[in-house]
Structure formats: structure tokens, C-alpha cells
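Q: Structure provided below as C-alpha cells; questions to follow.
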Amino acid sequence: MVALSYVIAGSEATGGAGLQADLRTFQQLDTYGVGTVTCIVSFDPKANWSHRFVPVEPQVVADQIEAATSAYDLDVVKIGMLGTPATIDVVAEALARQTWRHIVVDPVLICKGQEPGAALDTDTALRRQILPRATVTTPNLFEARTLAGMADIASIDDLIEAARRIADLGPDYVVVKGGVDFPGDDAIDVVFDGRDAEILRAPKVGQARVAGAGCTLAAAITAALAKGSDVLDAVRLAKEFTTAGIVERIGGNAPFDTVWQGASQTGR
Ligand code: PXL
């Protein structure tokens, strides 16, 4: 039978990030995608494409999780944007209700549409209630600085130190993504397994951020794990998959391009 990949995340209305990117990634990697929507983000083209954010009622999130986990024996899940402390309570309870082979947490911390006070509560809840359950977490540079409490991450040693500190919060594996903002010509990711760090490199594809790259990477890790990969192989495959999708990125009328998940034969 085909492997099942599950995601609990937000909808992003242009389709470039969030659940839409996750489900395309799951499909492209030959897994059956099941999704639970936590919130709806609709960028506002009249206001510089800023985020408009609407949470889904926590009970409706709980209902979706009940439907998904009752219909299928899901054991590998990706957690994307959760959005509010109330949603985090519901998701943390659901994660505690069964055993999971893997929980991949993309620690999406700040959404510009949220008021800063609420966002801080959400960050704290994510750190306390979700991150300790992660088998893999995939912070970007900004999220790594916040979670590790480091003002600056500018060298590979800093990336490793950040990964170490985040591993102390509970996750078994930490993937810190350097991305375009990290100095140098390569997109560098550090994979830390609690003992050793492996450095993954690929030449940067330009200097502009591409929307959906973080979502796609974590979703590709999830799909590879669902199919039985070990974590290091899953991260390596996910990086290749995401890099190919950035090379073949899709542009429209928004001021950012998005990853094309159909670009790669990696992992198929
Ligand atoms: O890329 C982070 C992200 C994740 N999930 C949703 C988003 C975004 C960024 O816009 O909207 C739903």
C-alpha cells in the first residue's frame, strides 16, 4: 500500500506555502497526503502582500484530526503553522493521544498578521508543548535565533551551537537552515542528531527568498520518513528536492516566487 503522510498546518491562499505546498510535496514523493487546516492566511495585495490571519475554531481543528486519524492509521506527521495557543493545546493533546513514528515540526513562529503579544504567547506554547514531542525540527535562521536565544548566527559553528541548544528543548534531530541570509555562496543546512552535526551544502540559487521552501523541505522530510527512510537520508533527499523546486520556481504577480514541487525526480 502507498505510504501515508499527514500534515497539520495553515492554508496560504496563494498556494505557495502552508498546507498547499505540503500536499503537493507529499503527492510528488508518491505518498498519500492527508491534511488538517489550523488557520487561513490570505496575503493582502492592497497592503504590500501583508498577512491576513484567521484561526480555525479549535474544536474544528480537533474534529479534523479526529476524522483523519480515525480514517487512517497515521504515524508520521508534519506540524506547520498552528497560529494560536488554543490551537496548540488541541494539537498537543492529539499528539499525546497516540504513538507516532515521527513528528516533524516546522517551528513557524511569527506571522506578520498577528499582534505581537499574541504571537509571543504562541511562540511560548509551541516551545513548551509541541517542540518536546518532535523527532525532527527544521528552524530557519530567524527561528533558530529565537529558539536558541542567540543574537547572531553567522558561522557554521554558530549553526551547530544553535542546533545543540534547540536539541536541548527536546527534538531528537535539529535541522537548522542557513538559507539566503546566511553569509556565503552556499545554502547551508546543519543536521544535528544530539551528538554529531552533518553539514549539507548546495550552491545558493540567487539571493531572493522563495516562498514555500521551508514548508516544502519539512514536507519532503515527512514523506521520506513515511516511506521508511532514516532521518539523515530523509533530510538529504528533502534538500535536493527543495533545491530543484527553487531552481524551477514559479513567478506570478506577487513580489515573491514560490517553489515548484514538480521539478524533481528525487525520491520517486
Ligand atoms: O512559510 C511559512 C508559512 C507557513 N504556513 C502558512 C503561511 C506561511 C507563510 O506565509 O502562510 C500558512
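Q: Filter region 7-29 down to the residues that are open to solvent by less than 10 Å² (accessible area, probe 1.4 Å), of a type outside the set (Gly, Ala, Ser) and outside any strand (DSSP E or B) and list them by number.
A: Answer for region 7-29, where residues must be open to solvent by less than 10 Å² (accessible area, probe 1.4 Å), of a type outside the set (Gly, Ala, Ser) and outside any strand (DSSP E or B): ASP22, THR25, PHE26, LEU29.
Q: Could you tell me how many of the residues in region 238-268 are in contact (Cβ under 8 Å) with a residue 24 or more places away in the chain, in a loop (DSSP other than H, G, I, E, B) and buried (at least 17 other Cβ atoms within 10 Å of the Cβ)?
A: Total meeting the criteria: 7.
Q: Here's another thing I want to ask about it. Do you know which of the residues in region 221-233 that are touching a residue at least 24 places away in the same chain (Cβ under 8 Å) and assigned to a helix (DSSP H, G or I) is most open to solvent (accessible area, probe 1.4 Å)?
A: Step by step, filter region 221-233, then rank; the result is LEU232.
Q: Within region 30-39, can you find the residues that are open to solvent by less than 20 Å² (accessible area, probe 1.4 Å) and within 12 Å of the ligand (Cβ to nearest atom)?
A: THR38, CYS39
Q: Which ones in region 161-179 are farther than 22 Å from GLU240 by Cβ and either hydrophobic (A, V, I, L, M, F, W, C) or in contact (Cβ under 8 Å) with a residue 60 or more places away in the chain (or both)?
A: ALA162, ILE166, ALA167, LEU169, PRO171, listed by residue number.
Q: Further question on the same structure: Give all pairs with beta carbons closer than 6 Å in which a residue from region 137-158 that is under 13 Å from LEU169 (Cα atoms) and free of Cβ contacts under 8 Å to residues at least 24 places away in the same chain meets a residue that is assigned to a helix (DSSP H, G or I) and of a type in the set (A, V, I, L, M, F, W, C); count only pairs at least 6 apart in sequence or on separate chains.
A: Matching pairs, first to second residue: ALA148/ALA162; ALA148/ILE166.
Q: Let me ask something else about it. In this structure, does ALA13 turn out to be touching a strand residue (DSSP E or B) at 6+ places or on another chain (Cβ under 8 Å), closer than 22 Å to ALA263 by Cα, more than 14 Å from the ligand (Cβ to nearest atom) and not hydroxyl-bearing (Ser, Thr, Tyr)? Before the answer, list the steps.
A: Details: touching a strand residue (DSSP E or B) at 6+ places or on another chain (Cβ under 8 Å): yes; closer than 22 Å to ALA263 by Cα: yes; more than 14 Å from the ligand (Cβ to nearest atom): no; not hydroxyl-bearing (Ser, Thr, Tyr): yes.
No: the conditions fail for ALA13.
The values are calculated or read from the model by the stated rules, or taken from the named source; none is laboratory data. Remember, it's a predicted structure, so these values are computed and weren't measured experimentally. Cβ: placed from backbone, ideal geometry, glycine included. Neighbour counts: every protein chain shown. We work out accessible area using only protein heavy atoms, side chains counted, and drop any ligands, DNA or RNA first. Shrake-Rupley method; radii C 1.70, N 1.55, O 1.52, S 1.80 Å.
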